[in-house]
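In what follows, a single structure is set out as structure tokens and then discussed.
The values are calculated or read from the model by the stated rules, or taken from the named source; none is laboratory data. Remember, predicted model here, so these are calculated numbers, not experimental data. Note: ideal-geometry Cβ built from the backbone for every residue, glycine included; neighbour counts use all protein chains shown. Ligands, DNA and RNA are excluded from the accessible area calculation, which covers all protein heavy atoms including side chains. Shrake-Rupley method; radii C 1.70, N 1.55, O 1.52, S 1.80 Å.
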Amino acid sequence: MLASETHFQDIAALYRQHHSWLNAWLRRKLGCSEQAADLAHDTFVRILNARAPAHGLARLDAPRAYLTTTAQRLLVDRARHQRIEQSYLAGLAAMAGTLDGAPSPEAVLIALQALEQLSAALQSLPAKGREAFLLHYLEDASQPVIAAQLGVSVRMVQKYLAQGLLRCHQVLDHG
């Protein structure tokens, strides 16, 4: 049996054994059954798209800890995305106050579509690359601080930032 077939079977078993529990845990945490269902789904999609652990999913010592860690990372990503969107909308509102007229609905739609494209570009980066990019450009963290937080060299942080900028540039140019 191929490794990918084993990975898919492991995920299917993980899903059957723990999906209901994860969904209930997320419902308690979020207070919303729809958001919990979406996040539970996204958790398994992320695991499906991730490289399988060296020892395989079937032999995880703590599958629920693995699932909650993955779900919590998705929650952080979702919160950052919302902060970016809110910052942009606040910027638009501030601009609207200084301009003769507010941005047209078309301009707002184009800007929101660009944000969605940038978000997708950032999601295509490796986790540490995405984290470095967001810490630097959203939270104004310095490269040495990011390096210490991620446990990598400053040179690696610079590489992550360059990759992120290149990916955003590619997405916006080829939208």
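Observations on the structure shown:
- Once both labels are positioned 7 Å from their Cα atoms along Cα-to-Cβ, the gap between VAL108 and ALA37 label points is 2.9 nm.
- Charge dipole (the chain, unit charges on Cβ, about Cα centre) - positive-most of SER87, ILE110, PRO63: PRO63
- In the context of the full protein assembly, CYS168 retains an accessible surface of approximately 10 Å², using a probe radius of 1.4 Å and ignoring ligands and nucleic acids.
- Between helix 127-137 and the chain there is an angle of about 20 degrees, using the helix long axis and the longest principal axis of the Cα atoms.
- Computed about the Cα centre, the dipole magnitude for the chain is approximately 740 debye when only Lys and Arg (+1) and Asp and Glu (-1) carry charge, each at its Cβ.
- Note that region 155-161 has calculated 3J(HN,Hα) couplings of 4, 5, 4, 4, 5, 4, 5 Hz, one per residue in order, obtained from phi through the Karplus relation 6.51 cos²θ - 1.76 cosθ + 1.60 (θ = phi - 60°); glycine and proline are x.
- Mean separation of Cα contacts under 8 Å, 6 or more apart, over the residue count of the chain: relative contact order %: 16 percent
- For the chain, a/c is not less than 1.5, where a ≥ b ≥ c are the root eigenvalues of the C-alpha gyration tensor, and a/b tops b/c. That puts it in the prolate class.
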